[in-house]
Amino acid sequence: MPSIQLSQQDAEFVEEQMNSGLYESADAVVTAGLALLRERDEATLRMLIQEGIDDVEAGRVHTYENAEAFLADMKRMFEDAREP
């Protein structure tokens, strides 16, 4: 199990959470924080997946014959973006 070092500000926040009675231990505070991070990451992934589905349904897709054609298009787009 990894150990972590908290900044003074974070340590005080953990202590405040424990003193409020919401959490019984520092581990519980960290676990709650990690759960929120997971929820946020999953929500972001769901949003990005939905954007992809919406693009496909709206016909905003491009197909390529092969990987070389895809890479050539990406290279062209990169070069176009670099031009002033």
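Nothing in this text is a laboratory measurement; each read-out follows from the coordinates by a stated rule. Quantities reported herein were computed from a predicted structural model and do not represent experimental measurements. So basically every Cβ, Gly included, is an ideal-geometry build from the backbone, and we count neighbours across all protein chains shown.
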How much length is gained if the chain between VAL61 and GLN9 is pulled fully straight, taking 0.36 nm per residue apart and subtracting their Cα-Cα distance, in nm to one decimal?
14.0 nm
Note down the nm distance, to one decimal, between modelled labels 7 Å out along Cα→Cβ at GLU83 and at VAL30.
5.3
Filter the chain for me: DSSP H helices, axial length by Cα at least 15 angstrom, mean Kyte-Doolittle hydropathy not below -1.0. List them by residue number.
26-57, 67-82
Just to be sure I understand, if you calculate mean projected area of the Cα convex hull in nm² for this structure, which of [x] 8.3; [y] 11.4; [z] 5.7 do you get?
[y]
Using +1 on the beta carbon of Lys and Arg, -1 on that of Asp and Glu, and nothing else charged, what's the dipole of the chain about the Cα centre, debye to 20?
140
